[in-house]
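The values are calculated or read from the model by the stated rules, or taken from the named source; none is laboratory data. Predicted model only: the values in this text are computed from it and were never measured. Here the Cβ is made from the backbone with ideal geometry for all residues, glycine too, and neighbour counts use every protein chain on show.
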Amino acid sequence: DIQMTQSPSSLSASVGDRVTITCRASQGIRNDLGWFEHKPGKAPKRLIYAASSLQSGVPSRFSGSGSGTEFTLTISSLQPEDFATYYCLQNNSSPLTFGGGTKVEIK
Amino acid sequence: EVQLVESGGGLVKPGGSLRLSCAASGFIFSKAWMSWVRQAPGKGLEWVGRIKSKTAGGTTDYAAPVKGRFTISRDDSKNTLYLQMNSLKTEDTAVYYCYYYYMDFWGKGTTVTVSS
């Protein structure tokens, strides 16, 4: 099974900050990776698919990059509504696997 | 409007069984590869398993913690996805979401509690 190692597990940031979250795959997964935002009591929401493609309706401050084993989610200017937990998910091979999550909190 | 509505959650004793359902509407369910995803209290998201469309073989895949205990099935005539959970353990306590990956459609989730 492919393991996804996500870092950091949590971070504190201020509105307007640039935030970067990383996922590392235990083996190459091409660009078969998505990034998700999850808020308490709500269903998760995909922000990025195929490592760098922005999901329709998602603000352009979110961007993804990477290929192979190293991937990054960047929020260029953190907004109040962005405080949430973020996950990567590899869909290169079954079983699909999520990263451990990054909780973004208000500084 | 796309809807995925889970049902069947509840309280069950360790070793017991439960069947979750997910009623789909607003898209061509028979063509969709459908998944179940769960989140245990205080934990992260965990992919449970997936069933492919019948035209893709209708095969299933499962995460290691549930393999051999959980079974995913579908009834395309009813636009419904199922998750049969047997030999339940306390660590299966979670909110279970029905999920269509290709279009990023999620249900609101149903809560399963395994406790004596």
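Just a few scattered comments:
- Within the range A:1-29, the set of residues being in a strand (DSSP E or B), among the hydrophobic types (A, V, I, L, M, F, W, C) and either more than 27 Å from B:Pro41 (Cβ to Cβ) or away from every other protein chain (no Cβ under 14 Å) (or both) comprises A:Leu11, A:Ala13, A:Val19, A:Ala25.
- Here A:Gly66 clears all of (1) in contact (Cβ under 8 Å) with a residue 12 or more places away in the chain; (2) assigned to a loop (DSSP other than H, G, I, E, B) except the condition numbered (2).
- Top-ranked residue in the range B:19-34 [being surrounded by fewer than 21 Cβ atoms within 10 Å (Cβ to Cβ) and closer than 17 Å to B:Val95 by Cα; ranked as nearest to the chain's Cα centre (by Cα)]: B:Ser21
- The residues of the range A:30-61 that are more than 14 Å from chain B (Cβ to nearest Cβ), buried (at least 16 other Cβ atoms within 10 Å of the Cβ) and of a type outside the set (Gly, Ala, Ser) amount to a single one, A:Asn31.
- Each residue in the range B:69-116 was checked for being part of a loop (DSSP other than H, G, I, E, B), within 14 Å of another protein chain (Cβ to nearest Cβ) and at pLDDT 95 or above, and 3 pass.
- Against the test of being assigned to a loop (DSSP other than H, G, I, E, B), closer than 15 Å to A:Gln6 by Cβ and either modelled with pLDDT of 95 or more or not hydrophobic (A, V, I, L, M, F, W, C) (or both), the options A:Gly57, A:Gly100 yield a single qualifying residue, A:Gly100.
- Complete set of residues in the range A:61-81 that are within 22 Å of A:Lys42 (Cβ to Cβ) and over 9 Å from the mean Cα position of the chain (by Cα): A:Arg61, A:Phe62, A:Ile75, A:Leu78, A:Gln79, A:Pro80, A:Glu81
- Scanning the range B:19-68 for residues that are in contact with a Pro (Cβ under 8 Å, 6 or more places away or on another chain), in a strand (DSSP E or B), without any contact (Cβ under 8 Å) to a residue 60 or more places away in the chain and not charged (D, E, K, R) gives B:Leu45, B:Trp47, B:Gly49, B:Tyr62.
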